[in-house]
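What follows is a short report on a single structure.
The values are calculated or read from the model by the stated rules, or taken from the named source; none is laboratory data. Just so it is clear, the model here is predicted, and its values are computed rather than measured. When we count neighbours, we look across all protein chains shown, and the Cβ atoms used for this are built from the backbone with ideal geometry, even at glycine. These area figures cover heavy atoms from the full protein model, side chains too; ligands, DNA and RNA do not enter into them. Shrake-Rupley method; radii C 1.70, N 1.55, O 1.52, S 1.80 Å.
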Amino acid sequence: MNLVRSLIALLAGLIATASAHGAVPVEVVPVDGGFTLVRDGQPYLVKGAGVGGVDLGTVAARGGNSVRTWGVEDAQETLDEAHRHGLTVSLGLPVAAERFGFDYDDPESVSTQRQNVEDAVNRYKDHPALLAWIIGNELDMGFTNPRVYDEVNELSRLIHELDPNHPTTTTISALNEDMVELVRERAPDLDFISVQAYGALALMPRAIKYLREGPFMITEWGPLGHWEVGKTRWGAPIEQDSTEKARHYLDSYRTLIEPFLGPGLGSYAFLWGQKQERTHTWFSLFTETGESTSAVDVLQFAWTGRAPANQAPTLESLRLARRPATDSVRLAAGREYKAKVVVADADGDPLTYRWRVKPESTETVVGGDLEAAIRDLEGVFAGDTDAAEITMAAPGTPGEYRLFVMVFDGNGHAAHANIPFLVHGKRR
């Protein structure tokens, strides 16, 4: 009798486990003149982030409900971790952009890529954390052959045959009516269109007129891009500091995303993690050592209506030789200068400082393509650098550089800013 009970209990456990780990159906549904995702029978508005190298639990802890990827590397680990934290995943599929040399007129290449997509879909389609499939990323950037979107449509049809439980999309690199129409015309099998915009998100009030003709999602948004900001007289882009970025995130969400979530399905902020793109701080919501910035606090407020109990420091100003970045700072080689940062912390936490100087990036890649980290210059600071004001010797070699400061509150948060500067003259 005990053996029978044990077998029954084991069978019940196996059934429960199979149910818990099965696919959760997701569909796009028209509602009130717009659209919504419905997941497991319930409306589901994406409040998410694109992630890179951080604990996914931080997204859930801040009130987010979803993450996205740009490929299937480590997909199993990402899906499993997301599921543990009650998050969903929009999974990027391995579909190449033409600008990487992929030829959509080459049947062999297309067939191989299609097989890779099929393999990925079969591998992950039944994971309970899966929300949607993203077919490639910004395939429109630099493209010349519209057959790429014929193939996107074929891939979407293939995915739906293999997996009827999850919607498909592809991402467009800008709010562009012609591109949206082209994708909708050539890839009608897609369940929704995804757009990605930074400063150009300001076009949303006008773009909504054509976007709302079908369901859409914003799969990347964030600070002003390095292609959108003011520049020094020698052409170095001037990056927003972490506090300016936080304001930009909040304003963008309140005025350019939230008002259009009727026809829209939600959004993914960029980047919940850290990466090098012109600088190591430009799109990074976290520092290299894992501290969160004010923009993370802002996203928590946008998602939940509640500010965190302890917040990141706010940066008021950074000056080098008494001048801000907008003054196109020029320094004489080898000469010493003062740099000063003014920071406030609403929680009264004691602050520590880290100053760095790096050569200016010479990268010209676009679309967030991989960039190598830039080394710090050694021996440029005199005296204690754990201070709000420091002395810096301009590098001895003329050229373009950038001064960075990171300010930590000791509670897992940081503020940051940088100033590009030009060194002239001979080595002293």
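Extent along the principal axes, Cα only, for the chain: 82, 61, 41 Å, with the longest axis given first. By the helix-only formula, in which each DSSP H run with n ≥ 4 contributes -39500 (n - 2.57) and the sum is divided by residues, the chain has a 222 nm mean residue ellipticity of -8000 deg cm²/dmol.
For the chain, what is the accessible area per residue in Å², given a 1.4 Å probe and the full set of protein chains?
Heavy-atom accessible area per residue stands at 44 Å².
Once the Cα atoms are used to define both axes, helix 147-162 deviates from the longest principal axis of the chain by about 50 degrees. Taking a point 7 Å from the Cα of ASP32 along the Cα-to-Cβ direction, the residues of the stretch 181-208 with backbone N closer than 20 Å to it are 205, 208. Can you tell me what share of the DSSP beta bridges in the chain is antiparallel? A percent to the nearest 5 is fine. In the chain, approximately 55 percent of DSSP beta bridges are antiparallel ones.
How big is the antiparallel share of DSSP beta bridges in the stretch 320-428, given as a percent to the nearest 5? Walk me through the numbers on the way to the answer.
Working: 27 of 31 bridges.
Around 85 percent of the beta bridges assigned by DSSP in the stretch 320-428 are antiparallel ones.
What Kirkwood radius, in Å to one decimal, follows from the Cα pairs of the stretch 160-310? Kirkwood radius, the stretch 160-310: 16.7 Å. For the chain, the longest principal axis of the alpha carbon atoms and the long axis of helix 107-124 meet at an angle near 80°.
Within the straight-line cut-off of under 22 Å between alpha carbons, none of the lysines are reachable from LYS209, sequence neighbours fewer than 8 places apart in one chain being disregarded.
In units of the compact-protein estimate 2.2 N^0.38 Å, the stretch 180-267 shows a Cα radius of gyration of 1.25.
Which net charge results for the neighbourhood of THR78, defined as the other residues with beta-carbon distances under 12 angstrom from its beta-carbon, given Lys and Arg at +1 and Asp and Glu at -1? Once positives and negatives cancel, what remains is -4.
Rg and Dmax, both from the Cα atoms of the stretch 246-327 and both in Å, are 15.0, 50. Projecting the Cα atoms of GLY290, GLY50, PRO237 onto the charge dipole of the chain (Cβ charges, centred on the Cα centre) puts PRO237 farthest toward the positive pole. For the stretch 62-188, the orientation-averaged shadow of the C-alpha convex hull comes to 8.2 nm² (one quarter of the hull surface). For the stretch 341-428, the share of alpha carbon pairs falling in successive 5 Å distance bins from zero is 3, 12, 20, 19, 18, 13, 10, 5, 1, 0 percent. Taking only protein heavy atoms and a 1.4 Å probe, the accessible area of the chain is 50% carbon and sulfur. Here's the list of lysines a cross-link from LYS47 could span, going by alpha-carbon distance under 19 Å and ignoring same-chain residues fewer than 8 apart: LYS245. Ranking of ILE419, ILE238 by solvent-accessible surface, largest first: ILE238, ILE419 (1.4 Å probe, protein heavy atoms only, all chains present). Taking every protein chain into account, the 1.4 Å probe leaves ASP347 with about 60 Å² of accessible area, to the nearest ten.
Per-residue SASA remark: TRP70, around 90 Å² accessible (1.4 Å probe; ligands, DNA and RNA not included). Largest first and in whole Å, the equivalent-ellipsoid semi-axes of the stretch 30-136 read 27, 18, 13, each the square root of five times a Cα gyration tensor eigenvalue. Along the axis of the charge dipole computed for the chain (Cβ charges of +1 for Lys and Arg, -1 for Asp and Glu, origin at the Cα centre), the listed residues TYR353, ALA207, VAL38 are led at the positive end by TYR353.
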